[in-house]
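Chemist: Quick one: the structure is below, questions incoming.
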Amino acid sequence: MAQAAMDITAKYCRKEIEAYGSCVASNPSTWQQKCHELKMKVAQCTSSHPVIQKIRQDCSKEFVEFERCLREKQDQPTSCSPHVARFLGCAETVDLSGVATNPVPQPS
């Protein structure tokens, strides 16, 4: 999967995304129920960040298709990788000039 665009999200919401990702991975058949709260935390984190808001706005079609894929293929979330790749590909083309990329400096 293309990583560059995810890095933006990961940089600001790494904790939330890693928790959600490992929850999904360790609960392949029940992740919809088990990881719902973690998914909401990721959504909350990503929706509050200006860069990510811009990406979700500019790539909403791809994002919606990815979410639809996850819903329809709950038992095989990995089959949505192409959707993720399309969303990330779009995210990489978003013009972020004029968007505050570092409102809060994160310790690396």
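The values are calculated or read from the model by the stated rules, or taken from the named source; none is laboratory data. Owing to the predicted nature of the structure, the values given are computational and were not obtained by experimental measurement. These accessible areas exclude ligands, DNA and RNA; they are computed on the full protein's heavy atoms, side chains included. Shrake-Rupley method; radii C 1.70, N 1.55, O 1.52, S 1.80 Å.
Chemist: For S48 and S22 in the same chain, what is the full-extension length gain: residue separation times 0.36 nm, less their Cα-Cα distance, in nm?
Modeler: 7.1 nm
Chemist: Using the Cα atoms of region 3-92, I'd like the radius of gyration and the largest Cα-Cα distance, Dmax, both in angstrom.
Modeler: When restricted to Cα atoms, region 3-92 yields Rg and Dmax of 12.5, 34 Å.
Chemist: Still on this structure, I have one more. Using only the heavy atoms of the protein chains and a 1.4 Å probe, how would E72, E16 rank by accessible area, largest first?
Modeler: E72, E16
Chemist: With every protein chain in place, what's the accessible area of L38 (1.4 Å probe, Å², nearest 10)?
Modeler: Around 50 Å² of this residue is reachable by solvent.
Chemist: Can you give the extra length, in nm with one decimal, that the chain gains between Q76 and Q32 once fully stretched, where that is 0.36 nm per residue apart less the Cα-Cα distance?
Modeler: 14.7 nm
Chemist: Something else about it: Tell me the carbon and sulfur percent of the accessible area for region 3-92, rounded to whole percent, probe radius 1.4 Å.
Modeler: That share works out to 54 percent.
Chemist: Considering Cα pairs under 8 angstrom that are at least six residues apart, work out the relative contact order of region 3-92 and quote it in whole percent.
Modeler: Relative contact order for region 3-92 comes out at 33 percent.
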